Amino acid sequence: MRVWREVVDGVEVEVMEFDDTVESVEKASRLSGYPPQVIVKTLLLRVGNDYVVAVVRGDRRVDLSKASQILGSKTRLASPDEVRQVLGFEVGAVTPVSPNVKKFRVVLDPAILGNEYIVCGGGALNRLYRVRVQDLLNYLKPQVIDIFK
């Protein structure tokens, strides 16, 4: 693992780059040494005719029926093709620290708020970012809504 600091779209991150891919929470946890509760997934949801980005703690999932009720429209996970076209990342590489993510409504898992730092996708399948939760909140200005289980 190679580690360095970088500023990405105005946010200071610690970059971790691996020889292997880290496209799942399990692999990211194993290779980085961080527990799943510190790792977050950045998911693209299709809510009616719109897209919403969900930032969810690694050991939790989106509750699609709860999301449909709270967000006001039928909700499903976007397909890998939609993720590539809409956000410009491969599934498993999506980072919340991206202007492509910021332009959408972002909902954040309240379970993340207990952490000082999170580890998230780093824009490539072999890269993770470690970022302060407060910096992520300031960057994304998300709605903290519990649509997760």
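Go through the range 1-27 and give me each residue that's touching a residue at least 40 places away in the same chain (Cβ under 8 Å), closer than 17 Å to residue 91 by Cβ and under 17 Å from the mean Cα position of the chain (by Cα). Scanning the range 1-27 gives 21, 22, 23, 24.
If only residues of the range 44-86 that are part of a helix (DSSP H, G or I) and among the polar types (S, T, N, Q) are counted, the one that is surrounded by the most Cβ atoms within 10 Å (Cβ to Cβ) is 68.
The set of residues from the range 30-43 being part of a strand (DSSP E or B) and either surrounded by fewer than 17 Cβ atoms within 10 Å (Cβ to Cβ) or β-branched (Val, Ile, Thr) (or both) comprises 39, 40, 42. Of everything in the range 136-149 that is out of contact with any Gly (no Cβ under 9 Å at 6 or more places or on another chain) and not in a loop (DSSP other than H, G, I, E, B), the residue that is nearest to residue 58 (Cα to Cα) is 148. For the range 45-75, give me the residue count where each residue is more than 14 Å from the chain's Cα centre (by Cα) and of a type outside the set (Phe, Trp, Tyr). Looking only at that region, the number is 18. For the range 108-131, residues that are in a strand (DSSP E or B) and in contact (Cβ under 8 Å) with a residue 60 or more places away in the chain total 10. Taking the numbered list (1) over 16 Å from residue 101 (Cβ atoms); (2) touching a strand residue (DSSP E or B) at 6+ places or on another chain (Cβ under 9 Å); (3) assigned to a helix (DSSP H, G or I) in turn, residue 27 passes all entries but (2). You will find that of 97, 107, the residue that is within 12 Å of the chain's Cα centre (by Cα), closer than 27 Å to residue 18 by Cβ, among the β-branched types (Val, Ile, Thr) and modelled with pLDDT of 95 or more is 97 and no other.
For the range 107-125, the set of residues classified as in contact with a strand residue (DSSP E or B) (Cβ under 6 Å, 6 or more places away or on another chain) and surrounded by fewer than 21 Cβ atoms within 10 Å (Cβ to Cβ) consists of 110, 111, 117, listed by residue number. The condition (being within 21 Å of residue 10 (Cβ to Cβ), surrounded by fewer than 17 Cβ atoms within 10 Å (Cβ to Cβ), charged (D, E, K, R) and in contact (Cβ under 8 Å) with a residue 12 or more places away in the chain) is satisfied by just one residue among 146, 135: 135. Pairs linking a residue in the range 62-79 that is closer than 13 Å to residue 50 by Cα to a residue that is in a helix (DSSP H, G or I) and β-branched (Val, Ile, Thr), with Cβ atoms under 7 Å and 6 or more positions apart or on different chains, are 78/86.
The values are calculated or read from the model by the stated rules, or taken from the named source; none is laboratory data. Just so it is clear, the structure is predicted and the values come from calculations on it, not from any experiment. Here the Cβ is made from the backbone with ideal geometry for all residues, glycine too, and neighbour counts use every protein chain on show.
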